Amino acid sequence: ADDVARDDLTTQIAAAITQAIDYYKEERLFWTDTRDETFATVADQSAYDVDDDAAIPLFIKIDAMFLEDSDGIQYGPLDRLDQKLMEQLLDSSAASGRPDSWSYFNDTFYFHPVPDDAYTVRPMGQIEIAAPSSDAEADNRWMTKGFELIRCAAKANLYVHTIKEDGPAAVFAMSAERQLGMLRRDSSKRTATGHIVATQF
């Protein structure tokens, strides 16, 4: 409201912020990576979805999957399988045991062999970060780590859809892209190994 010098656009500003977050939510930035989400398997259950853990459908990209048994022994990374192969394995085999492979399809994790016990599953990868649930929510990462990006993008949305001024909209859209470039570079610096990997041609 201060940036656009308007105090009559509270609802529109909130909508513009939400639209900006929705637009960028699949960008892989350093604060969208996680290794902290876990859930437990159940004996004789091969598939796990939102009913088993609310975070499962929020994964955008999964880099690896790890498993821990009741004795605290960790296994992994487990093998990722194509869903067609997973379907064949689950259809043709009633074997149960400690899972050594997984797949992700339609916001659902599948494991083979079918778990024979409760194991703690820990996916590692990119997860969707929700927009703030209210103006009073503290420490939302879009409002801390991505503040300038969302600030510029929300103003661009506001000028295009509400204020109807193309000039400022274009300026703020370019500013948002500059902010995104800076965040991508920062993310790359934090995750790059500095190792060169040989490739066969």
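The values are calculated or read from the model by the stated rules, or taken from the named source; none is laboratory data. Computed from a predicted structure; not experimentally measured. Because the Cβ atoms are built from the backbone with ideal geometry, glycine has one as well, and the counts that use them run over all protein chains shown. These accessible areas exclude ligands, DNA and RNA; they are computed on the full protein's heavy atoms, side chains included. Shrake-Rupley method; radii C 1.70, N 1.55, O 1.52, S 1.80 Å.
Share of Cα-Cα pairs in the range 51-110 beyond 13 Å, in percent? Don't skip to the answer; put the middle values down first.
Numbers: 1194 of 1770 pairs.
Tail fraction, whole percent: 67.
Report, in cubic angstrom per residue, the convex hull volume of the C-alpha atoms of the range 106-147. Walk me through the intermediate numbers first.
Working: hull volume 5.8 nm³, N = 42.
It comes to 138 Å³ per residue, whole-number rounded.
May I have the count of lysine pairs in the chain with C-alpha atoms under 22 Å apart, counting pairs 8 or more residues apart or located on different chains?
Step by step, the pairs that qualify in the chain add up to 10.
Measuring with a 1.4 Å probe in the full set of protein chains, what accessible area per residue, in whole Å², belongs to the chain?
Values: 12140 Å² over 201 residues.
Here the per-residue accessible area is 60 Å².
Please give the charge dipole size of the range 37-77, origin at the Cα centre, charges +1 on K and R Cβ atoms and -1 on D and E Cβ atoms. Round to the nearest 20 debye.
Details: 1 positive and 10 negative charges, 41 e Å.
Charge dipole, the range 37-77, about its Cα centre: 200 debye, nearest 20.
Go through (i) 15.9; (ii) 14.1; (iii) 12.0 and flag the label whose value is the computed mean projected area of the Cα convex hull in nm² for this structure.
Derived directly from the coordinates: (i).
Simple spin-label model, 7 Å along Cα-to-Cβ: MET174 to ALA136 in nm?
Here the modelled spin labels are 4.1 nm apart.
What order, most packed first, do the peptides 68-75, 54-61, 6-13 have when packing is the mean number of other Cβ atoms within 10 Å of each residue?
In decreasing order of mean packing, 68-75, 54-61, 6-13 become 54-61, 6-13, 68-75.
Can you give the FRET efficiency to the nearest 0.05 for ASP117 and THR144, using r as the Cβ-Cβ distance and R₀ = 30 Å?
On the way: r = 40 Å, r/R0 = 1.32.
Once rounded, the FRET efficiency stands at 0.15.
Go through VAL42, VAL4 and list them by solvent-accessible area, largest first, probe radius 1.4 Å.
On the way: VAL42 70, VAL4 20 Å².
Most to least solvent-accessible, the answer reads VAL42, VAL4.
Quick check: the distance between the Cα centres of the range 96-126 and the range 166-181, to the nearest angstrom?
42 Å
With only Lys, Arg, Asp and Glu charged, each at its Cβ (+1 for the first two, -1 for the last two), find how big the charge dipole of the chain is about the Cα centre; round to the nearest 20 debye.
Working: 19 positive and 36 negative charges, 232 e Å.
Taking the Cα centre of the chain as origin, the dipole is about 1120 debye.
Counting pairs of alpha carbon atoms under 8 Å apart in space and at least six apart in sequence, what relative contact order in percent does the range 91-157 give? Can you show the working numbers first?
Details: 46 pairs, mean separation 13.3, N = 67.
The normalised contact order for the range 91-157 reaches 20 percent.
If you plug each phi of the range 25-35 into the Karplus form 6.51 cos²θ - 1.76 cosθ + 1.60 with θ = phi - 60°, what whole-Hz ³J(HN,Hα) values come out, in order, with x for Gly and Pro?
Whole-Hz 3J(HN,Hα) from phi for the range 25-35: 5, 9, 5, 8, 10, 4, 8, 9, 8, 8, 9.
What value, in deg cm²/dmol to 500, does the helix sum -39500 (n - 2.57) over DSSP H runs of n ≥ 4 give at 222 nm once divided by the residues of the chain?
Details: 5 runs with 67 residues, N = 201.
That calculation yields -10500 deg cm²/dmol at 222 nm.
If you rank LYS145, LYS164 by how much accessible surface each has, with a 1.4 Å probe, what is the order from largest down?
The most accessible residue leads, giving LYS164, LYS145.
Between ILE163 and ARG35, what is 0.36 nm times their sequence separation minus the Cα-Cα distance? Round to one decimal in nm. Mind showing how you got there, number by number?
On the way: separation 128, 0.36 × 128 = 46.08 nm, distance 4.16 nm.
41.9 nm is the gain from fully extending ILE163 to ARG35.
Can you give me the relative contact order of the chain as a percent, contacts being Cα pairs under 8 Å and 6 or more apart?
Values: 301 pairs, mean separation 52.4, N = 201.
Normalised by residue count, the contact order of the chain is 26 percent.
So, with a 1.4 angstrom probe, what is the percent of accessible area on the chain that is carbon and sulfur?
Values: 5910 of 12140 Å².
The computed percentage sits at 49.
What spacing in nm lies between the two simple spin-label points modelled at LYS25 and ASP82, each 7 Å away from Cα in the Cβ direction?
Between LYS25 and ASP82, the label points sit 3.1 nm apart.
Quick one: length gained pulling ASP69 to VAL50 fully straight, 0.36 nm per residue minus the C-alpha distance? Walk me through the intermediate numbers first.
Working: separation 19, 0.36 × 19 = 6.84 nm, distance 2.20 nm.
Additional length available on full extension: 4.6 nm.
Sorted by mean Cβ packing within 10 Å, highest first, what order do the peptides 107-115, 153-161, 20-28, 135-143 take?
Working: 107-115: 20.1, 153-161: 22.1, 20-28: 16.2, 135-143: 12.6.
Ranked from most to least packed, the peptides come out as 153-161, 107-115, 20-28, 135-143.
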